[in-house]
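The values are calculated or read from the model by the stated rules, or taken from the named source; none is laboratory data. Because the structure is predicted, anything quoted here is derived from the model rather than measured. Heads up, the Cβs are rebuilt from the backbone with ideal geometry, glycines too, and the neighbour counts pull from every protein chain shown.
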Amino acid sequence: MLAGIALTLASLWYGQNHGLMPVEASSDAALVDGLFNTMMTIGTAIFLLVWGVLIICFLKFGRRAGDETDGPPIEGNIPLEIVWTAIPVVIVLILGVYSFDVYNTMGGFDPDAAGDPGVQVAMLSDSEAATPLIDAAHQKVEQHRPAHHQHMALGIGASPDEIGQAPDVTVNVLGLQYAWIFTYPDLGITSGELHLPVDKNARLNLKAQDVIHAFWLPEFRLKQDTIPGSESELRFTPKRVGDYPIVCAELCGPYHGAMGSRLYVQTPEDYDAWVKEQTPAPASDTTAADLEKLMQGDRSNAEYLAPIATQIGLNAKTLEQLHPHLMPSLPDVPGTKQALINSDSPSA
């Protein structure tokens, strides 16, 4: 009995104090961590129990020096085999129910939400793949597909108590080899970084242009595949101001390891300031000859990119954030691609 109490207390302590998870940065992270801590508690108990029994048996029933006799001819123990088969079955069932409840609470499964206007619905064709298109200014992402059938969007969306509520911030996320592009349709902003205000509900509409990618936010306990021809969604509320990595968790090509970006959770004041900085500048009368002239000489990255950004309606900082592999999809503005090639900015 004392051994069982000690094992239980040790498992409960380690299950809550393992220190394996990163900081919690969203309201949903506590749900995922609760499930993970439960699995760690159970796993620790099983580990201690199995190794404890092995060590005791080794010390108590090991062959003694000079003992050359055979051990007892034990063929099996049916009650014992039933017990050690039933216990894992019960554990798996409990964890399955628990994990489904967490997934459902986070909005990952709601069969009644297909007709709800607050839920993203992907229009998929049984015979033709969707083709995402980026316009010249990278201001929006469109998908043209025949509407033969409707399927609910993949992903973790609004929790049951948020169904039908409009998010505070909506961002369209496009994954392509090897970068993430973030478009704010309500603000007319496109960026190579994701900026969100703290304590505001955010909805990310995820799409892929070429191959399968996986949008992973470790500190937010969120990961969702982006699949060509389909739509997926993440909806969450950032709770901690900070700078967090955005990782592609799906092998998507030879430069998969370099496909990353940053998520900046900011105070409302800092977020509003960033929005003002990213507001596209009005179109100018800069000609191609002027652009080529500006490309000559020793100039900084900002000086190189400023006239090009004005020509296509973007902020120069936005161009510096985009990955060089995006250059084939940029509009045909004379000197644009060469300017990005010449840029030695670490973030270019």
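Scanning the range 70-83 for residues that are surrounded by 10 or more Cβ atoms within 10 Å (Cβ to Cβ) and at pLDDT 90 or above returns 81, 82, 83. Could you say which residue among 76, 62, 19, 52 is closer than 30 Å to residue 204 by Cα and of a type outside the set (Asp, Glu)? None of the others qualify; the one that does is 19. The single condition among (1) touching a residue at least 40 places away in the same chain (Cβ under 8 Å); (2) of a type in the set (Ser, Thr, Tyr); (3) not in a helix (DSSP H, G or I) that residue 69 does not satisfy is (1).
Only one entry in 245, 167, 185 is over 30 Å from residue 34 (Cβ atoms), touching a strand residue (DSSP E or B) at 6+ places or on another chain (Cβ under 7 Å) and not basic (Lys, Arg), namely 185.
In the range 1-18, the residue that is surrounded by the most Cβ atoms within 10 Å (Cβ to Cβ) out of those that are at pLDDT 90 or above and part of a loop (DSSP other than H, G, I, E, B) is 18. Residue count for the range 35-69 satisfying the condition of being modelled with pLDDT under 90 and among the β-branched types (Val, Ile, Thr): 1.
The residues on offer are 153, 114, 136, 130, and the sole one that is in contact with a Gly (Cβ under 7 Å, 6 or more places away or on another chain) and modelled with pLDDT under 90 is 130.
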